[in-house]
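Structure record follows, encoded as structure tokens.
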Amino acid sequence: MQDADNLIGQMVHDIRNELETNILPFWKSKVLDDVNGGFTGEIRSDGQSVPNADKGLILNARNLWSYASCCRFLKDSSLKPLADRAYQYIEAHFLDKDYGGAYWMLDAKGKPIDTSKKCYGQAFLIYGWVEYYRISRNTDALQHAMELYRLLESKVKDPVYGGYTEAFDRDWSVNDGLRLSDKDMNEKKSMNNHLHVLEAYTQLFLETRDPDVGRSIADLLAVFKNHIIDRERGHLRLFFTDDWLCKSELDSYGHDIEATWLQCEAAEALGDPEWINEMRQIALQMADVCLREGVDSDGAIFHEGWKCHIHDRDKHWWPQAEAVVGFVNAWQISGDKRYIEAAAKTWRFIQEHIIDRQNGEWHWKVDGDRQPCPNEPKVSAWKSFYHNSRFCIETLHRLGGHG
């Protein structure tokens, strides 16, 4: 393995090039819905749009964040109109003017077809609004974010057991359809929901320094410490009853490594030395377990495991992106060169197998033989450019490749 300075220099060069010459050109030119407004709801693996595809809150909120974040990091003014477009489409179509919050799904023309309120989606909307405020100074966006934060605290936060319930009906009454997707368990609480509420609240706190938001972040860190993180095994528990009885034995390596740096980021935002020390220790333990159990010989992150055995050998796009950031974070904390070498090896796998050199953007996943899966979409209700653009920005920022 080459020395760390050369390794880092090459990564910075190549990652910035990937963001500027592959990811962003795709999202500037391929995804606009010029018939119905906003952005197309689905694009196939070959780059062809799916006519009349539904439009999901996650895709649109992540688009808002991604355009705004790339605009700010790269100082690229050509991205501002796309962030504006995302913001305006959400304002016009997703927001529930009667009960607050945002609808989960619209049809292609922008009509609500699933009016449920899933906490995960609301969190990404807060995340997007905060980032949009940073490039636009549109005070309505930050006000929206604070109002939605207060709504989640009053309607979604569990006053008895702590944490946040998964899903509600339009009027915030309890909804029995709790799962985010057909791949998830139908339980009242999940790790994934809490991880992204933490992510959103962290950015809201950094922008507002509101003490209530700070207390909510501390509460979330306590939830992770006391219920979600399995300290004996170095993994996240995934699904829970309302009183935190764990209902799943699967390990999600991508979420494990993603959580390591998001938890550190939250603790650092609070500026609390005890939380910072605690989360850094946990991050190193979980990064080490991920490196030992969840990384293939070629540097790729496996999708899922069960009791230390690989359950799913496919290599999805987003765990690879999160692994690079998580291993860089572990290297920054520890100085252990194993982690920066692991980050570089995963990045090399992304370059060789995940980036779509023919049609642009990234493949959803490759199989155990490293072949792309053509039935998986390039853009969908669950696939924006949030994971890969955030990976680029976060890694460049940490390794000195500033915008």
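Every number in this text was worked out from the coordinates using simple rules, so none of it is lab data. Small disclaimer: the values here were computed from a predicted structure and weren't measured. Cβ placement follows ideal geometry from the backbone for every residue including glycine, while neighbour counts extend to all protein chains displayed.
Structure notes:
- Residues ASP140 and ASP34, FRET efficiency given R0 of 35 Å [Cβ-Cβ distance, rounded to 0.05]: 0.85
- Shown in residue order for the stretch 130-135 are the 3J(HN,Hα) couplings computed by the Karplus curve 6.51 cos²θ - 1.76 cosθ + 1.60 at θ = phi - 60°: 4, 5, 5, 4, 5, 9 Hz (x for Gly and Pro).
- A helix-only calculation puts the chain at -16000 deg cm²/dmol for mean residue ellipticity at 222 nm, using -39500 (n - 2.57) for each DSSP H run of at least four residues, averaged over all residues.
- The charge dipole of the stretch 233-317, taken about its Cα centre with unit charges on the Cβ of Lys, Arg, Asp and Glu (plus for the first two, minus for the last two), comes to roughly 260 debye.
- Applying the criteria of a DSSP loop state and at most 10 other Cβ atoms within 10 Å to the trypsin sites (Lys or Arg not before Pro) of the stretch 295-375 yields LYS307, ARG357.
- Dipole of the stretch 4-399 computed with +1 at Lys/Arg Cβ and -1 at Asp/Glu Cβ about the Cα centre; of SER154, LEU262, LEU7, farthest Cα towards the positive end is LEU7.
- Taken along the Cα-to-beta-carbon direction at a fixed 7 Å, the label points for LEU151 and ASP219 span 1.8 nm.
- Potential lengthening of the chain between ILE355 and ASP96 amounts to 89.5 nm, from the contour at 0.36 nm per residue minus the alpha-carbon distance.
- A viscosity of 0.890 mPa s and a temperature of 25 °C, combined with the Kirkwood radius over Cα pairs in Stokes-Einstein, give a translational diffusion coefficient for the stretch 296-403 of 170 µm²/s.
- Note on LYS111: lysines with a C-alpha under 30 Å away, same-chain residues under 8 apart excluded, are LYS28, LYS30, LYS55, LYS80, LYS97, LYS155, LYS157, LYS183, LYS188, LYS189, LYS378, LYS383.
- Share of alpha-carbon pairs per 10 Å distance bin for the stretch 64-211, given as whole %: 11, 40, 36, 12, 1
- Stokes-Einstein diffusion for the stretch 285-341, with the hydrodynamic radius set to the Kirkwood value over Cα pairs and evaluated at 4 °C in a medium of 1.567 mPa s, equals 112 µm²/s.
- Normalised by the number of residues in the chain, the mean separation of alpha-carbon contacts (under 8 Å, six or more apart) gives a relative contact order of 18 percent.
- Qualifying trypsin sites (Lys or Arg not before Pro) in the stretch 213-252, where qualification requires a DSSP coil assignment and no more than 11 other C-beta atoms within 10 Å, comprise ARG231.
- Over all pairs of different C-alpha atoms in the stretch 4-399, the reciprocal of the mean inverse distance, the Kirkwood hydrodynamic radius, equals 21.1 Å.
- Amide N of the stretch 99-132 lying under 18 Å from the label point, which is placed 7 angstrom from the Cα of ASP176 along Cα→Cβ: 115-117
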